[in-house]
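Some notes on the structure that comes next.
The values are calculated or read from the model by the stated rules, or taken from the named source; none is laboratory data. Quantities reported herein were computed from a predicted structural model and do not represent experimental measurements. Counting neighbours? That spans all protein chains shown, and the Cβs are built from the backbone with ideal geometry, glycine included.
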Amino acid sequence: MARYLEAKCRLCRREGEKLFLKGTKCSSAKCPMENRPFPPGMHGQSRRAKVSNYGIQLREKQKVKRIYGLQEKQFIRYFHDADKMTGITGLTLLQLLESRLDNVVYRMGFAASRTEARQVVRHKQILVNGSVVNIPSYRVKAGDRIVMADAAKEHLRVTAAADAAGAKGLPEWIDVDLQQRQGVFRQLPEREQLDAGIREQLIVELYSK
């Protein structure tokens, strides 16, 4: 599968806001968005033309796709799945993305970023209901228990991520024991529990054309 191998901070600068792709660096003075809050490239600081409605919708889709670390085909597949399900398509899309195993591992504080969480899953360091699962896109269901493998519990990066998550606070839709490195995915999140800065309706409008 294709991967984005360039500097992730360029993605935040392109979208004009922090996407928190680099873990603790995003909350520090080292974050490029603190010193260069404009798009990358030689014309990044030049005056830009007015953005069309399509451009606004496209940027919102790109932002969400980059937050969750997905390729275009993956993201389209998630949208089509959400569109076929009952309920509000935009909210269902976000719930499907939030229920990815790599995202749940990140939300539980076992990794500092979704990229790091994907690596943890790939290295077979996560058990779901007692069985090792190494597929980042695995869809976690309500009631599933997520446990970190014993061999990885005391890794320095895991410990640092857990400490940061404990200080920042954990989502309401999961129960986590940071000391034991385990948690339960209680339920799919409600819209008010998710990032208010995401305008999912723009994505629905973009793909509905």
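Among (1) within 29 Å of Y54 (Cβ to Cβ); (2) buried (at least 17 other Cβ atoms within 10 Å of the Cβ); (3) not hydrophobic (A, V, I, L, M, F, W, C), where does R191 come up short?
Result: R191 fails condition (2) only.
Checking L127 against (1) hydrophobic (A, V, I, L, M, F, W, C); (2) surrounded by 20 or more Cβ atoms within 10 Å (Cβ to Cβ); (3) in a strand (DSSP E or B), which single condition isn't satisfied?
(2)
Scan A142, A112, A151 and give me the residue that is touching a residue at least 24 places away in the same chain (Cβ under 8 Å), part of a helix (DSSP H, G or I) and of a type in the set (A, V, I, L, M, F, W, C). Walk me through how you get there before you give the answer.
On the way: A142 fails: part of a helix (DSSP H, G or I); A112 fails: part of a helix (DSSP H, G or I).
Criteria check complete, one pass: A151.
I'd like the residue in segment 154-175 that is part of a loop (DSSP other than H, G, I, E, B) and among the hydrophobic types (A, V, I, L, M, F, W, C) and, out of all such residues, is surrounded by the most Cβ atoms within 10 Å (Cβ to Cβ).
Here the answer is W173.
Residues are listed down the side, and each one gets a yes or a no for (1) among the small types (G, A, S); (2) out of contact with any Ser or Thr (no Cβ under 9 Å at 6 or more places or on another chain):
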{"residue": "L101", "(1), (2)": "no, no"}
{"residue": "A117", "(1), (2)": "yes, yes"}
{"residue": "V120", "(1), (2)": "no, yes"}
{"residue": "L127", "(1), (2)": "no, yes"}
{"residue": "V133", "(1), (2)": "no, yes"}
{"residue": "K153", "(1), (2)": "no, no"}
{"residue": "R157", "(1), (2)": "no, yes"}
{"residue": "G166", "(1), (2)": "yes, yes"}
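Filter segment 36-81 down to residues that are of a type in the set (V, I, T) and closer than 29 Å to Q119 by Cα and give me whichever is modelled with the lowest pLDDT. Show your work before the answer.
Looking only at segment 36-81, we keep the residues that are of a type in the set (V, I, T), and these are 51, 56, 64, 67, 76.
If we keep only those that are closer than 29 Å to Q119 by Cα as well, we get 64, 67, 76.
Working: V64: 93, I67: 89, I76: 95.
The residue in question is I67.
Given the conditions (1) over 16 Å from the mean Cα position of the chain (by Cα); (2) in a helix (DSSP H, G or I), which single one is not true for Q119?
The one condition Q119 does not meet is (1).
For segment 176-209, which positions are in contact with a Gly (Cβ under 6 Å, 6 or more places away or on another chain) and outside any loop (DSSP other than H, G, I, E, B)?
Hits for segment 176-209 are V176, E200, Q201, V204.
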